[in-house]
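Since every read-out is calculated from the coordinates, none of them should be taken as a lab result. No experiment lies behind these values; they were computed from the predicted model shown. Cβ placement follows ideal geometry from the backbone for every residue including glycine, while neighbour counts extend to all protein chains displayed.
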Amino acid sequence: MPEELRSRLRPEERGAFEAAALELRTLAAHLREREEEMERTSGPPATVTVSAVIDYARCPQRFCWTVVRPLPRFSGPAARIGTEVHAWIERRSSGQASLLELEEAPDLLAEELAGEPGKVERLRRAFLESRFAELVPLHAERPFLLPVGDRYVGGRIDAIYGTPDGPWEVVDYKTGRMPAEDDPLARAQLDLYALACIDVWGKRPEDLTLTYLYLAARQERSYRVDDVRAVRERVAAWLEGIGAEAYDPTPGEHCRWCDFRSFCPAGTTWVAER
């Protein structure tokens, strides 16, 4: 704070300001020390999650700060609500939710719903009004481990509808915002799920339909498997980048809601210039 402004503070305000400033400086020093130590000891993981692969594709620096050298991050209501809604859909699809009244809210603490009044109920209602509400999935929350080169991608598919030997519709429920149609990574998660269906479970590409159900927007987006070879090459390139520890930032629209923006000069600059 400039000395001119500091001089205007009352003694008790100055004391509070100096204490807060010292706390922030101490935290910053701790984070720098932690970053330097982890740079000496951490290497790229042999197995990464689907979400981590997409993090890398969008911004390698974000992947690094999430997986390789984790920094503190904010886990807000959106993440907790997303987890709860996914769990509720799984229970309902398996028949367990028949014991609950549809109007009854899940067991969420008040602070978990802070700032999101009624959102859980809206998302649940959106699912109940979708075409999937009365369908029983062939598989729910199905895990997989997909080998790609000398690494593995681990994930869990929300729901697969169809028959064991027939066509499958692979569905991912989304509780957050709907991305722009021209987002180059909009279908990346479903493409990885398609690779798992093909390489792990032996499905034919032509037997797969890939669908996002955006609950907040009450919309669906479905895709066919276009070019398996291109998808496999793209995923392999991302994993090679992880193996090479190539973690340069790629600033963009995602910087606006990134948990790490305050640590990232590239992201801070990108947002400030717009």
Between the DSSP loop rule and a limit of at most 14 other Cβ atoms within 10 Å, which trypsin sites (Lys or Arg not before Pro) in the range 153-219 are left?
-> R177
Pair D226, R131: separation of 7 Å Cα→Cβ label points (nm) = 2.2
Förster radius 35 Å - calculated FRET efficiency between R122 and E240, Cβ distance, rounded to 0.05 = 0.25
Under the classification rounded if a/c is under 1.5, otherwise prolate if a/b is larger than b/c and oblate if not, where does the range 136-274 fall, given a ≥ b ≥ c as square roots of the Cα gyration tensor eigenvalues?
-> oblate
For E18 and D248, what is the calculated FRET efficiency with R₀ set at 35 Å and r taken between the beta-carbons, to the nearest 0.05?
-> 0.40
Cα→Cβ-extended label distance, 7 Å offset, between A46 and R204, nm = 3.6
In the range 237-274, the GluC sites (Glu not before Pro) that fall in loop regions by DSSP, at most 15 other Cβ within 10 Å = E245, E273
Please order S51, S130 by the number of other Cβ within 10 Å, starting at the fewest.
-> S51, S130
Quick one: if the Förster radius is 22 Å, what FRET efficiency do R274 and R218 give, using the C-beta to C-beta distance and rounding to 0.05?
-> 0.15
Using 7 Å Cα-to-Cβ label points, what is the R156/A266 separation (nm, one decimal)?
-> 3.1
